[in-house]
Each structure stands twice: as C-alpha cells, then as structure tokens.
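Novice: Provided herewith is a single structure, encoded as structure tokens, for subsequent inquiry.
The values are calculated or read from the model by the stated rules, or taken from the named source; none is laboratory data. Fair warning: this is a prediction, and the values are worked out from it, not measured in the lab. Every residue, glycine as well, gets a Cβ built from its backbone with ideal geometry; the counts of neighbours run over all protein chains shown. Heavy atoms of the whole protein, side chains included, go into the accessibility calculation; ligands, DNA and RNA do not. Shrake-Rupley method; radii C 1.70, N 1.55, O 1.52, S 1.80 Å.
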Amino acid sequence: RSRLTSGFRQRNRPNRRCHSERYARPRFDRLLKSQQVLSAATRRSSNRAAALLRIAAVNVGRTQTALGAFYRRLAARIGKAQAVTATARKLAVLFYKALRYGMAYADPGVSAYEARYRHRLVQHLERRAKSLGFTLVAKAG
C-alpha cells in the first residue's frame, strides 16, 4: 500500500468503536460539495444480508403485526423506499439482539403498537400546548 491510500483510510474512519465490517471501505453518509448536501439518499449496496432484510421488510409490511404497522405508518408519511430501509434496520437490530443476547421476540400486535403510538402522540401534543401556554383537555365520549 502507498502512504496516500493508508492515510486516506485512517482519516475517514469513524471516531467511535464499531464492527470491523464498517472499516472495509471509507463511507460517507452524504455526498458533500463544499459543505452543501448534494444527496442524502441511502447508497446502493451489494450486501446479501441487506438485500434479504429489505425483502423481509417489504413482506412484513403486509402482515398484521407491530412491525407491519410501523412499516405502513412510515410508508404513508415518508414513502415506501425509506420505510423499507427503516423497517429493515429495525429487523436487523432485532436479529442482532436475538443472536447476541438470546432475546426472544414476542410481537405485541397491531393494537398494542397503535395504542403506544397514540399515547406518544398525545404526550407530544400536551408538551407542545404547555410550551405555548395552553392546556390540552380530553374530550368526553
């Protein structure tokens, strides 16, 4: 190796500890041109695990599970492509925890997911109203 190549790799390593596969090649999250973001899209990957996780994410979006509800909520808000990426990441985290720590995944179901989401939404609205000097009152019925 030349010194130029090894120096380039050293400079572009993330400054946090992470898995060795991240060091395979320098990776930039966004394509920059003099501090201006040209593209923040997810880069194409030839990784087989990533492709399988994306296929699983698309299929899980059609199920009546908490992950399916997560996918559908994101797909409606930010689009299907980004929802697939987010759901694939969530699946990867669950898979890693199952392998690493032996965690068993028990699906809470769509209704539990929707209830938690609604609770988070109401809490956010209450905080927002309080910061603006209003009080949020629940409607009876």
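Novice: In the stretch 61-89, what residues are in contact with a Phe, Trp or Tyr (Cβ under 6 Å, 6 or more places away or on another chain) and part of a helix (DSSP H, G or I)?
Specialist: Going through the stretch 61-89, the residues in contact with a Phe, Trp or Tyr (Cβ under 6 Å, 6 or more places away or on another chain) turn out to be 61, 66, 69, 83, 87.
Passing the criteria: ALA66, ALA69, ALA83, THR87.
Novice: Whether any residue in the stretch 121-132 is of a type in the set (Lys, Arg), in a helix (DSSP H, G or I) and either in contact with a Ser or Thr (Cβ under 9 Å, 6 or more places away or on another chain) or open to solvent by less than 60 Å² (accessible area, probe 1.4 Å) (or both) is what I want to check.
Specialist: Checked the stretch 121-132: no residue is of a type in the set (Lys, Arg), in a helix (DSSP H, G or I) and either in contact with a Ser or Thr (Cβ under 9 Å, 6 or more places away or on another chain) or open to solvent by less than 60 Å² (accessible area, probe 1.4 Å) (or both).
Novice: Only one of ALA75, ALA57 is in contact with a helix residue (DSSP H, G or I) (Cβ under 6 Å, 6 or more places away or on another chain), closer than 20 Å to ARG120 by Cα, modelled with pLDDT of 95 or more and small (Gly, Ala, Ser); which?
Specialist: Matching residue, one of ALA75, ALA57: ALA75.
Novice: In the stretch 14-54, how many are at pLDDT 70 or above, more than 30 Å from GLY68 (Cα to Cα) and under 19 Å from the mean Cα position of the chain (by Cα)?
Specialist: Qualifying residue count for the region: 0.
Novice: Do we find a residue being open to solvent by 50 Å² or more (accessible area, probe 1.4 Å) and within 23 Å of ARG48 (Cα to Cα) anywhere in the stretch 68-78?
Specialist: Among the residues of the stretch 68-78, not one is open to solvent by 50 Å² or more (accessible area, probe 1.4 Å) and within 23 Å of ARG48 (Cα to Cα), which makes the answer no.
Novice: Also, quick follow-up: Can you confirm whether the stretch 90-104 contains a residue that is farther than 17 Å from ASN59 by Cβ, among the basic types (Lys, Arg), open to solvent by less than 90 Å² (accessible area, probe 1.4 Å) and out of contact with any Leu (no Cβ under 6 Å at 6 or more places or on another chain)?
Specialist: Yes.
Novice: Touching a helix residue (DSSP H, G or I) at 6+ places or on another chain (Cβ under 8 Å), open to solvent by 60 Å² or more (accessible area, probe 1.4 Å) and part of a helix (DSSP H, G or I): does that describe GLU114?
Specialist: Considered against the rule, which asks whether it is touching a helix residue (DSSP H, G or I) at 6+ places or on another chain (Cβ under 8 Å), open to solvent by 60 Å² or more (accessible area, probe 1.4 Å) and part of a helix (DSSP H, G or I), GLU114 comes out as yes.
Novice: Restricting attention to the stretch 52-67, which residues are surrounded by 16 or more Cβ atoms within 10 Å (Cβ to Cβ) and either basic (Lys, Arg) or in contact (Cβ under 8 Å) with a residue 60 or more places away in the chain (or both)?
Specialist: Correct list: ARG54 only.
Novice: Kindly indicate whether THR65 is at pLDDT 90 or above, closer than 19 Å to ARG89 by Cβ and among the hydroxyl-bearing types (Ser, Thr, Tyr).
Specialist: yes
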